[in-house]
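Q: Structure incoming, see below.
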Amino acid sequence: QKEVEQDPGPLSVPEGAIVSLNCTYSNSAFQYFMWYRQYSRKGPELLMYTYSSGNKEDGRFTAQVDKSSKYISLFIRDSQPSDSATYLCAMSAIDTDKLIFGTGTRLQVFP
Amino acid sequence: EAQVTQNPRYLITVTGKKLTVTCSQNMNHEYMSWYRQDPGLGLRQIYYSMNVEVTDKGDVPEGYKVSRKEKRNFPLILESPSPNQTSLYFCASSFLIAGGRTGELFFGEGSRLTVL
């Protein structure tokens with residue numbers, strides 16, 4: 001079993017839809033949770049960063065962490081064609097700096 | 001412009017022919033790292049460096065070498081490439097923050113390597 005599981009998609013939604021992207025993990029020591037966005041032929045870029053449980057909002061993006069269920073989510077409101085990319089979750093434990101990445105979910109937002 | 005620059009972006013080579021992928025960052029970051037990205041496997045760390053002359057193995061170091069002689073550069077060396085090293089490679093860098101943890105990782109645009 002992988003430490004971090006992420007549905008590869010692709011997820012195809014119409015413009016304006018609310019998108020939910022998810023990752024599950026098995027290591028209860030994970031405390032730092034990140035979402036990276038990767039456009040085609042580009043490197044990943046940090047989108048959201050949360051520590052421990054709870055929600056964090058940044059514009060149209062909300063990151064949610066449920067440590068009891070070992071489940072993290074990224075919500076995108078009012079999705080735009082420019083949101084079309086692969087979204088990677090990543091996480092690390094408090095006693096190590098090693099980042100474990102999910103395999104990424106490809107999102108397509110069509111006009 | 002703050003960036004991580006990798007070269008070459010695309011390379012096709014043959015088994016056994018030594019190659020180097022260069023990585024340079026202009027943000028004065030202490031930490032640098034190499035990843036490979038493969039379908040269904042995600043990003044896996046090859047090697048990382050916490051500072052000049054300090055390097056350590058990641059999860060998949062076999063067949064690779066690195067060096068960190070200068071703060072800005074972190075080349076990835078494939079001494080004798082094999083077809084299973086065909087992949088998309090990313091260099092990344094960040095500052096070290098409180099407690100020696102890495103901050104936000106900044107990635108290069110990737111180097112697509114094909115070994116025949």
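Q: Over chain A, with the other protein chains present, what is the accessible area per residue in square angstrom, probe 1.4 angstrom? Kindly include the intermediate steps, with their values, before the conclusion.
A: On the way: 5320 Å² over 111 residues.
Averaged over the residues of chain A, the accessible area is 48 Å².
Q: Consider a paramagnetic label point 7 Å from the Cα of A:Ser73 along Cα→Cβ; state which residues of the range A:11-31 have an amide N under 14 Å from it.
A: Taking a point 7 Å out along Cα→Cβ of A:Ser73, the residues of the range A:11-31 whose backbone N falls under 14 Å are A:18-24.
Q: What is the calculated FRET efficiency for B:Val14 to A:Arg106, with r their C-beta to C-beta distance and R₀ = 25 Å, to the nearest 0.05?
A: Efficiency for this residue pair is about 0.20.
Q: Give me the percent of the accessible area of chain A that comes from carbon and sulfur atoms, probe 1.4 Å, all protein chains in place.
A: On the way: 2580 of 5320 Å².
Its accessible area is 48 percent carbon and sulfur atoms.
Q: To continue, here is another question. Equivalent-ellipsoid semi-axes (√(5λ), Cα gyration tensor) for the range A:11-111, whole Å, largest first?
A: Here the semi-axes work out to 24, 14, 11 Å.
Q: Out of every Cα-Cα pair in the range A:67-111, what percent are more than 12 Å apart? Working shown, then result.
A: Working: 706 of 990 pairs.
Tail of the P(r) past 12 Å holds 71 percent of the pairs.
Q: How large is the convex hull of the Cα atoms of the protein assembly as shown per residue, expressed in Å³ as a whole number? Present the calculation step by step, with values, prior to reporting the outcome.
A: On the way: hull volume 29.4 nm³, N = 227.
Dividing the Cα hull volume of the protein assembly as shown by its residue count gives 129 Å³.
Q: Give me the percent of accessible area attributable to carbon and sulfur for chain B, probe 1.4 angstrom.
A: Answer for chain B is 53 percent, counting heavy atoms of protein chains only.
Q: Round to the nearest 0.05 the FRET efficiency obtained for A:Asp7 and B:Asn7 when R0 = 30 Å and r is the Cβ-Cβ distance.
A: On the way: r = 34 Å, r/R0 = 1.13.
So, using R0 = 30 Å, E works out to roughly 0.30.
Q: Past the 20 Å Cα-Cα mark, which pairs from A:Lys98/B:Lys18; A:Lys98/B:Lys57; A:Lys42/B:Lys65?
A: With Cα atoms farther than 20 Å apart: A:Lys98/B:Lys18; A:Lys42/B:Lys65.
Q: Ignoring ligands, DNA and RNA, how much accessible area is buried between chains A and B, both sides summed, with a 1.4 Å probe, to the nearest 100 Å²?
A: On the way: alone 6060 and 6360 Å², together 10930 Å².
Heavy-atom accessible area buried at this interface is about 1500 Å².
Q: If you wrap a convex hull around the alpha carbons of the range A:1-67, what volume per residue comes out, as a whole number of Å³?
A: 118
Q: Compute log10 of I(q)/I(0) for the range B:1-97 with the Debye formula, placing one identical point scatterer on every Cα and leaving out solvent, at q = 0.10, 0.12, 0.13, 0.23 Å⁻¹, to two decimals.
A: Values, matching the q order: -0.25, -0.35, -0.42, -1.26.
Q: Over the Cα atoms of the range B:1-43, what radius of gyration and what Dmax do you get, in Å?
A: Final numbers for Rg and Dmax: 13.3, 37 Å.
Q: Please work out the average accessible area per residue across chain B, using the 1.4 Å probe convention, and give it in Å².
A: Averaged over the residues of chain B, the accessible area is 48 Å².
The values are calculated or read from the model by the stated rules, or taken from the named source; none is laboratory data. Remember, predicted model here, so these are calculated numbers, not experimental data. We place every Cβ from the backbone using ideal geometry, glycine too, and count neighbours over all the protein chains shown. Keep in mind that these areas ignore ligands, DNA and RNA; they rest on the heavy atoms of the full protein, side chains included. Shrake-Rupley method; radii C 1.70, N 1.55, O 1.52, S 1.80 Å.
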